[in-house]
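The values are calculated or read from the model by the stated rules, or taken from the named source; none is laboratory data. The structure displayed is predicted, hence computed values, not measured ones. Because the Cβ atoms are built from the backbone with ideal geometry, glycine has one as well, and the counts that use them run over all protein chains shown. Just the protein is used for accessible areas: all its heavy atoms, side chains included, with ligands, DNA and RNA removed. Shrake-Rupley method; radii C 1.70, N 1.55, O 1.52, S 1.80 Å.
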Amino acid sequence: MSQPRLTWRWVNALGAIAALLLAHGAAAAPAACPREGTLGTSRVLSVNPKNYPRVGLKSFPDTLPLEDGEVVLTFDDGPSPPMTNKVLAALARECVRATFFLVGQPASGRAELVRKIAAEGHTIGHHTFTHAHLAHITPEQAVEEIDRGIAADEKALNGVETTTPSTPFFRFPYFESTPATLELLQSRGIAVFGADFWASDWTAMSPQGTLKLLIRRLEQARKGIILLHDPQPRTVAMLPAFLRYLKDNGYRVVHVVPAKPDVQSEQHSEHPAETAATPREGG
Ligand SMILES: [Zn+2]
């Protein structure tokens, strides 16, 4: 072996990089894409629930700090094979990272698929245990739905049944929040994701019709959190064309990840590709 020996300068530099990776998690930098001409993930946005407790203009006055042309892709109601696998394949082909809001009951029987979603670098948020109408059940039942959902997702993901989510992102089924559940989630440091617009992919329509509608809404909004559903065949069918549309029209995909607890108090961006979704101190 004739490799040059590591100098202490190099050892220190490698140590600093390792510390950075530990502090920010493996998902901090956009994945390097081995194929040219793909859409890719343009940046990683770390979201601090303290500063962004509720986002999505369809339900709330605030949303994520996205620039013109930036979109966040979110998929609800999975995991649901084989559709979720097809969505993962389409995203992987374009080196795009998204967020999946999982339903706990199906997640609990599909740990392998849940882990695959995470292993491919996507963010896993929570979407209750049975996709219940939380505004139409008792407050106690609503809390149970939220907690059982988180626990089932966590058990599938990490093997640990905990109601403290490793990614504190939640979305209400049917966007049916109540003042009490919103307050509860905020008190627990869990960010509530609404959406800025959607494809209405739950409506009986051809994949082409869904794609046209989604593109029209995107052209109006120019940016935002997009709601899609991975179990929907029409979404699976139109997704590759939609990702191509984004690429061909200069849109950029932003991957949202939770801010690490140790950097939540002092928001900064150590990695050039990562920006914190919090107001910067001193600009
Ligand atoms: Zn849903």
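Quick one: grab Rg to one decimal and Dmax as a whole number for segment 38-276, Cα atoms only, in Å.
Gyration radius and largest Cα-Cα distance of segment 38-276: 16.7, 48 Å.
Using the Kirkwood radius over C-alpha pairs as Rh, can you work out the diffusion coefficient of segment 31-139 via Stokes-Einstein at 10 °C, viscosity 1.306 mPa s, in µm² per second?
101
Would you mind working out the accessible area per residue for segment 38-276, using a 1.4 Å probe, and quoting it in Å²?
Accessible area per residue, segment 38-276: 41 Å².
Based on the Cβ-Cβ distance from Arg222 to Asp248, what FRET efficiency comes out when R0 is 22 Å, to the nearest 0.05?
It comes out at approximately 0.90.
Quick check: at a probe of 1.4 Å, how many percent of the accessible area of segment 38-276 sits on carbon and sulfur atoms?
Taking all protein chains in place, segment 38-276 shows 51 percent carbon and sulfur surface.
Could you tally the net charge around Phe101, taking each other residue with its Cβ under 10 Å from the Cβ of Phe101, Lys/Arg +1 and Asp/Glu -1?
Details: positive: Arg171; negative: Asp76, Asp77, Asp153, Asp230.
Spelling it out: positives minus negatives among the neighbours equals -3.
Net charge around Val55, counting only other residues with Cβ within less than 9 Å of its Cβ (Lys, Arg = +1; Asp, Glu = -1)?
-1
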